[in-house]
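So the structure is just underneath, and the comments pick up after that.
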Amino acid sequence: MHFRISVAALASISALASAQAPSIDQWTRLEINNGTAWEEVTQIARDNQLYNLGTRQNSPCQWGTMDVRREFRDMSKGDRKSFTDAATCLMNTPPQRMPKDQAANYPGIKSRHDEYVATHINMTLEIHATADFLAWHRHYIKHYEQDLKDLCGYTGTLPYWNWAKDASAPQDSPLFTGDEYSMGSNGKYIPNRGDTYLYTQGVNMPPGTGGGCVESGPFSDVTLNLGPLDLPNTKNVKSNYEYNPRCLERDFNSFFSERYNTFSNVTELVLESIYLEDFQDRMQGYAAGDAFGVHGSGHWSIGGAAADFHSSPADPLFFLHHGMIDNVWTTWQNLDIYRRQFIIKGTSTLGNNPPSAEMTLDDVIPFGFVAEDRIFRELMDTFAEGYCYRYE
Ligand SMILES: [Cu+2]
């Protein structure tokens with residue numbers, strides 16, 4: 001007990017020094033561009049987390065025993081393989097929450113993994129460009145991590161993908177070599193494709209480096225059952241739960257990542273967004289002059305299934321991308337935790353269309369076939385209400 005108090009006292013010195021979020025002026029342009037600033041910013045946030053935890057009495061969540069989520073390439077080969085084995089296992093596990101007598105109403109739901117996809121499809125317009133975008137996805141991926149443990153015997157934590165490390169050429173990332181310890185390969189290269197105009201963003205997209213089915217490594221022989229609903233250049237399904245068995249397609253495309261997923265993009269996002277409105281708009285690409293943001297661009301950099309707005313969780317890589325998104329939010333929160341822990345802003349409809357009420361922390365947030373409803377407030381603190389994890 002005495003020991004814990006003195007650790008907290010020591011930590012308070014550094015916490016006092018950084019009670020306000022650091023300013024981007026503290027780093028040089030080179031440090032911002034090459035990832036040095038990002039490393040240091042996340043370390044400041046972690047120091048603040050440690051201090052914050054030290055101020056809590058009797059917390060069941062302890063620093064030394066909490067789940068630590070790591071970047072996929074930082075994990076051992078064995079741990080990487082355990083994760084992809086478990087993710088594949090979820091695709092071969094029967095649905096858990098869909099009432100069995102209603103299976104005919106959900107023809108595309110064949111597995112536990114499909115229940116995640118179907119829930120995201122069904123809720124797409126209520127969980128993006130809304131007040132609960134960040135919180136909803138936090139709980140969604142947390143529950144996925146829990147299911148890997150509960151249903152597939154996984155003993156590790158959810159990895160994340162720091163796309164900034166691969167922004168110049170995601171197709172060459174060590175995550176996607178296609179060996180058995182990777183997250184699976186790119187899609188098979190389809191030549192002679194032209195540009196595609198993306199109407200929503202007003203951007204002309206050049207073809208990526210793949211386009212076909214994932215060729216090797218984990219997920220090369222999985223079957224996706226749901227979606228796509230809104231991809232260009234493909235035949236989309238007509239209803240949310242339509243059964244559409246097909247391979248997993250990817251199409252890594254640096255057109256997006258080198259513009260929107262760089263170290264400078266993510267570092268500027270976190271350090272320049274003082275207000276939550278700016279932070280969440282800029283992250284999702286709803287801020288003026290930024291058509292994608294790190295969130296939207298991450299999806300388009302992967303391409304294929306992961307680029308479909310509604311059914312993107314069909315590609316397990318979705319959960320690593322959103323691990324990074326949650327890491328970015330957690331970092332932003334912890335740079336000024338007393339102001340940012342419980343702050344929300346927005347309504348419950350995409351871009352407030354159709355108009356809906358401002359959400360509050362007392363609102364009930366549904367999770368469909370994924371999990372029980374939660375209260376918004378319960379999703380704001382990574383050390384409470386069943387959460388006990390950090391990023392490294
Ligand atoms: Cu989403």
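On the given criteria, is Thr360 outside any helix (DSSP H, G or I) and of a type in the set (Val, Ile, Thr)?
Criteria met by Thr360.
Need at least 1 residues that are away from the ligand (no atom under 16 Å from the Cβ), surrounded by fewer than 17 Cβ atoms within 10 Å (Cβ to Cβ) and on the phi > 0 side of the Ramachandran plot per element, so show me which helices (runs of 4 or more DSSP H) inside region 68-158 make the cut, counting only ones lying wholly within it.
In region 68-158, no matching helices (runs of 4 or more DSSP H) lie anywhere.
Could you list all residues from region 284-307 that are outside any helix (DSSP H, G or I) and hydroxyl-bearing (Ser, Thr, Tyr)?
Matches in region 284-307: Tyr286 only.
From Arg390, Arg339, Arg374, which residue is in a helix (DSSP H, G or I) and of a type outside the set (Asp, Glu)?
The unique qualifying residue is Arg339.
Suppose we filter Glu258, Glu268 for residues that are out of contact with any helix residue (DSSP H, G or I) (no Cβ under 6 Å at 6 or more places or on another chain), more than 14 Å from the ligand (Cβ to nearest atom) and under 20 Å from Pro170 (Cα atoms); which single one remains?
So the residue among Glu258, Glu268 that is out of contact with any helix residue (DSSP H, G or I) (no Cβ under 6 Å at 6 or more places or on another chain), more than 14 Å from the ligand (Cβ to nearest atom) and under 20 Å from Pro170 (Cα atoms) is Glu258.
Given the options Tyr197, Tyr241, name the one that is surrounded by fewer than 18 Cβ atoms within 10 Å (Cβ to Cβ) and aromatic (Phe, Trp, Tyr).
Tyr197
Would region 195-214 turn up any residue that is closer than 16 Å to His299 by Cα, within 23 Å of the chain's Cα centre (by Cα), in a loop (DSSP other than H, G, I, E, B) and among the hydroxyl-bearing types (Ser, Thr, Tyr)?
Within region 195-214, one or more residues are closer than 16 Å to His299 by Cα, within 23 Å of the chain's Cα centre (by Cα), in a loop (DSSP other than H, G, I, E, B) and among the hydroxyl-bearing types (Ser, Thr, Tyr).
Restricting to region 311-336, and then to whatever is surrounded by fewer than 24 Cβ atoms within 10 Å (Cβ to Cβ) and outside any helix (DSSP H, G or I), can you tell me which residue is farthest from the ligand (Cβ to nearest atom)?
Across region 311-336, the extreme among qualifying residues is Asp336.
Table: residues versus (1) at pLDDT below 95; (2) more than 16 Å from the chain's Cα centre (by Cα).
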| position | (1), (2) |
| --- | --- |
| Leu269 | no, no |
| Leu276 | no, yes |
| Phe279 | no, no |
| Met283 | no, no |
| Asp290 | yes, yes |
| His299 | no, no |
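Among the residues that make up region 17-39, is at least one of them part of a helix (DSSP H, G or I), among the polar types (S, T, N, Q) and in contact (Cβ under 8 Å) with a residue 60 or more places away in the chain?
Yes; the residues of region 17-39 include at least one that is part of a helix (DSSP H, G or I), among the polar types (S, T, N, Q) and in contact (Cβ under 8 Å) with a residue 60 or more places away in the chain.
The values are calculated or read from the model by the stated rules, or taken from the named source; none is laboratory data. Here the structure is a predicted model, which is why all the values come from computation and not from measurement. Don't worry about glycine lacking a Cβ; one is built from the backbone with ideal geometry, like all the others, and counts go over all protein chains shown.
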